Structures are given as C-alpha cells and as structure tokens.
1. Springs between alpha-carbon pairs under 10 angstrom, Gaussian network model over the chain: which of Ser136, Ser361, Ser257 fluctuates most?
2. At 222 nm, what helix-only mean residue ellipticity would the chain give, in deg cm²/dmol to the nearest 500, using -39500 (n - 2.57) for each DSSP H run of four or more?
3. Over segment 267-383, what is the percentage of antiparallel beta bridges among all DSSP beta bridges, to the nearest 5?
4. For segment 162-265, what is the charge dipole size about the Cα centre, in debye to the nearest 20, if Lys and Arg each add +1 at the Cβ and Asp and Glu each add -1 at the Cβ?
5. Go through [x] 5, 20, 27, 21, 14, 9, 4, 1, 0; [y] 5, 23, 32, 22, 8, 4, 3, 2, 1, 0, 0; [z] 4, 14, 14, 13, 11, 10, 9, 7, 6, 4, 3, 2, 1, 1, 1, 0, 0, 0 and flag the label whose value is the computed P(r) over Cα pairs in 10 Å bins from 0, in percent for this structure.
6. Looking at segment 299-383, which trypsin sites (Lys or Arg not before Pro) are in a loop (DSSP not H, G, I, E or B) and have at most 13 other Cβ atoms within 10 Å?
7. Toward the positive end of the charge dipole of the chain, about the Cα centre and with charges on Cβ (Lys, Arg +1; Asp, Glu -1), which of Thr43, Val240, Thr197 goes farthest?
8. With the crude spin-label approximation of a point 7 Å out along Cα→Cβ, what separation in nm comes out for Ser31 versus Gln92?
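The values are calculated or read from the model by the stated rules, or taken from the named source; none is laboratory data. Here the structure is a predicted model, which is why all the values come from computation and not from measurement. Neighbour counts are summed over all protein chains in view; Cβ atoms, including those assigned to glycine, are modelled from backbone coordinates with ideal geometry. Please note that ligands, DNA and RNA were not included when accessible areas were found on the heavy atoms of the full protein model with its side chains. Shrake-Rupley method; radii C 1.70, N 1.55, O 1.52, S 1.80 Å.
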Amino acid sequence: MTKSRYVLFIPILLLSCGKKKEQTKEKPIQSYQVLTLTPRSVTVYNDFPASIQGENVVEIKPMVSGYLQDIYVSEGAAVTKGQLLFRIKNPQYEQDIVTARGAIKIAEANVNTARMNVEKARPLVEQEIVSKYQLSSALYTLQSQEAALSQAKATLANAQTNQGYTYIRSPQSGTIGLIPYKIGALVSSTTTDPLTTLSDTTSVFAYFSLSEKQLLDFMNTMKGSTTLEKLNNMPLVTLVLADGTVYPEKGKLVTASGGINTSTGTATFKAIFENKLGLIQNGASATIRIPVSLDNALLAPQTAIYQMQDKSFVYQLMSGNKVMSTAVVTSPTDDGNFAVIKDGVKVGDKVLLNGLNISDSTVVKPIPANAVEVYSTMKTKSN
C-alpha cells in the first residue's frame, strides 16, 4: 500500500511542476517602445465658433408714414451711396407743400402792404401831418408780417423735408438684404421690421466668445500688461468657412466687449478680415482659429495616451522597468495626432507607446523610441 501511494504521488508531482512551467511560459516580459519626454517648440491651434457681420450693417426704416409705392432694388443687389431704394406714397405731404406755398404768397402780400404803409407814413411824419406813433405802428406791423413770411417759408421747408423722406435712398454702398414688405404695404417709423438691411461687407467682423477660464488662460499666456497690449502681440488669426475651407486672408483680433457678460459668463471678441472679393456674406457662420506658440511643451503622440472615465492617462515607466498609470492633463494639437501634456509628468519622464490594458507594476522590456521618427509625422498649419 505504501509503495503504491508513492507511485501515485510522483506522477501528480511531475504534473504540477509541468503546469507551473507552462504558466511561467504564458507570461513572458513584453517589449514596448518608450519615449523620453523632452521640451519642444510647437504651435497649437484653438478653434472657436464665430458669426460673421459686415463692418457696417444698417437697418433701413421709414421716417414717415404711408403706403409703399415703389421698390427700386431687388434682394441681394449691390447698391451705391445715394441710390434710390424705395418710395412711400402719402398725399398729405404733397398737400402740405401746396398749402405752405399758398401761405407764403399771402405772407408776401401782407409784407408788401405793410411796407407800403410805412413808406406812406414816413413823409407825413416828417411834415408833421401825422404823429410819430402811426409810423412806429406801421413799422411794427411790417416786422410782424416779415416774421409771418419767414414762418411760412419754414413751414414749406418742413413740408418739403417730409416729402423728401418719402424717397428713401441708400446711406452707404453695400448689399441689400431681405425685403419683407410688398408694394401697397402700410409702413411707418414705428414699424417693427425694417424695409431692408444694408450690409457693407468690404470688411467683415467675426464675433466669438471666450469663457472665463479661456479668458484667464489667454491673459496668462499672451505677452503684455493690458488686454490691448496682449491683443497687439497676438499673431494673425485664420478664418475657417462653413464648408471647411480656409479663407486666404488673415485677420486681426480685437476686443468687442469691455468685460464678461454676467448672463452668459463669456467675453466677446472679434477679428477683422478684408472681404474685397465679397466671398464672405453677412450672417454667415465660421470658425476662428487662433495659433498659440509654446516654447517648452511636453509633446506626446496620442498613442501614448488613453482615456478612462473622462480622464487622460499615460503608462509611465518607473524604476525596475515597472509600469504605472499616471493621470495627465492634455490639450490636443491641430492635427489630432499629438497632445501637449500640461500636468502629470515632467521633463525626462518616460512613457510607453501603444500600451494597452497593462496592469500597474507590470515589468516590461523598454525599447527606446526614436524621437525624430515619432515627431516627423506631426502636421501643423502654417501661421
């Protein structure tokens, strides 16, 4: 019985030793490329949605009431300063002119009569036939009639001005917008909607907003002691149109609001772009692309970064070639293949490339990555 037990135990022992050897073979040390982080100069781009407005957008509204009699332009037409756009019909203004002219004729007749009375009274006073009182009275009457004549002329001028308002001319050169009213519509100065809008798009403004955090980052990053100085030190910005094409003209960044809007928590900025070819239309949507130059950035490829629960991590190589997951704060570069690591690791730290599902403290075999080859694939847009 004892011998048989030994005989059975030996195969079992050999079998267990074989399993341990198999388990050891199943977990060989894996090799990974390792990149040593060094400071690099890089230009990254921040994109912000923007809305386009012409440099000067004017609402055309009537100054008098009446019926829209004529429309001399079409929607989307290019017009010049002083060009006739609309005509409003209001017979009252024409009648006011006729009445004012009649009042002027009456006033002129009264002035002539009063002047004649003065000329008649003056020699009689000199000859002491009548008293000086009558001459003074005649002079006062003449002054009164002359004042009435001036008032009648002013009334005519006012009536002519009102009639002139029935002819609406373009206050500037630009492009006509929508015309919501048709011929025969009743319009007035209190009408909510304008007759049309006139946009001067020789230059355009691209408006965009920065949150409080983005504004603080901007203030801390740009050189200068004031906002104006920082904006003057800003490089020219790029405009990306709605179809994804890059507008060929560069723009200058300026402020649009003096502070943060308490209701939205944002500060508004605008960039000015030349639009001599008229490619950009008023009311269009676009994207402002602002370049930011970093002199000592820790730049890592996206293959070295993985996401977990809205956080970014890298596999950092520690002493003894052990791997440790490290949380980092990153911002992507424009091409999306690299990221600038703002916090979590420092210069000289080593991170794994193409690591996947590696447990902490796992021992790996590091293979130094060629930094020149790694960064040669990076693409950035020119300033």
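1. Residue with maximal mean-square fluctuation among Ser136, Ser361, Ser257: Ser136.
2. -10500 deg cm²/dmol
3. 100
4. That gives a dipole near 140 debye.
5. Checked against the structure: label [z].
6. Of the trypsin sites (Lys or Arg not before Pro), the ones in loops of segment 299-383 whose Cβ has at most 13 other Cβ atoms within 10 Å are Lys346, Lys379, Lys381.
7. Value computed over the given set: Thr43.
8. 9.5
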